[in-house]
Amino acid sequence: MRIMISADMEGATGVTWTADVAIGTPEWQRLRPVFTGDVNACITGLYAGGATSVLVNEAHSTQRNILLEDLDPRAVMLTGKHKPLSMMQGIDSGLDGVVFLGYHTAAGLDGVLSHTYLPNQITGVWLDGTRASEGRLNAALAAEHGVPVLLVTGDNLTCDDANDYAPHATTVAVKECVSRYAAICKPPAITAQEITTAATTAMTHAGRTTATTTPHRIEVEFDASHLAAAAAVIPTVDQIDIRTVGFNATTMTDAMKAFKIVTAIASGAVEGSYG
Ligand SMILES: [Zn+2]
């Protein structure tokens, strides 16, 4: 049973603030061991439930956050950025399940540190007409490869979101959202127990499913017109209104690659405080 953990940081235990997830800050350094603790709690539970190998794929920012020296030695870690499938690199390698650890809600919605890929320049993403979090996008990619989503952790609103896009997944709310920058947080000693127990339970759903490849459409709304114009330079991307672009792809894998290009070009066009 080969499992991958896609590990993001905004939904980790104790994280509520920009500095908590901003690379190089003292707050980020303080929370790296806590984030690593969530990952280790998950690995413990996955092995107790029958996993035989676990790949941790770093999914936050520079994708260099988890402390390898503290990682459960039964797992291996894919660390560093510039991966074709980014948060989901490794999904195409015959996995039996994927965990979305430390995830968060979608851009434009309530939830601790809510966003979709870019921290605030994207105000909404829609997958086939439904507003999509990173979890919803990544679940569609997993489905295309026949890989079930086993467990999702994050704030309570992230768990509500997961119950919609992955109804068979187990969820753990490590904090209760009070605002986009505030939450009632459970201490790591408690969330570790809850994540371990949930990961063990979730393994009962592990095992490959039928891979289903279907065409998809993604639309992306930005907070400023020039970002949409910049993204629409891509030949397969259309500007559909002043701040929104859309594109079609024959597979979810291609849709996510195109989405990665759209976000890269748009983030390159962000100019100082005016965005
Ligand atoms: Zn994220």
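Where a number appears in this text, it was derived from the coordinates with a stated rule and is not lab data. All values derive from a computational prediction rather than experimental measurement. FYI the Cβ positions are ideal-geometry reconstructions off the backbone, even for glycines, and counts take in every protein chain you see.
Annotations for the structure displayed:
- Inter-label distance, nm, simple model (7 Å from Cα along the C-beta direction), H168/M1: 1.4 nm
- Only lysine pairs 8 or more places apart, or on different chains, with alpha-carbon atoms under 14 angstrom apart are counted in the chain, and they number 4.
- In this structure the amide hydrogen of V56, modeled in the peptide plane, comes within under 5 Å of the amide hydrogens of I5, V76, M77, L78, none closer than 5 places in sequence on its chain.
- Reported to the nearest whole Å, the Cα centre-to-centre distance from segment 1-17 to segment 38-117 is 6.
- Computed extension gain for E69 through T25, at 0.36 nm per residue and net of the alpha carbon distance, reaches 13.9 nm.
- Centroid-to-centroid, using Cα positions, segment 155-211 and segment 240-270 are 28 Å apart.
- Packing-based order for 177-189, 136-148, using average beta carbon neighbours within 10 Å, highest first: 136-148, 177-189
- Inter-probe distance in nm under a simple model that places probes 7 Å from Cα toward Cβ, at T79 and T52: 2.8 nm
- Applying 1/(1 + (r/R0)^6) with r as the Cβ-Cβ distance of T210 and E176 and R0 = 51 angstrom yields a FRET efficiency of 0.90.
- Gain upon complete extension [A189, T251; 0.36 nm per residue less C-alpha separation]: 18.2 nm
- Percent of C-alpha pairs per 10 Å bin, the chain, short to long: 7, 31, 37, 20, 4, 0
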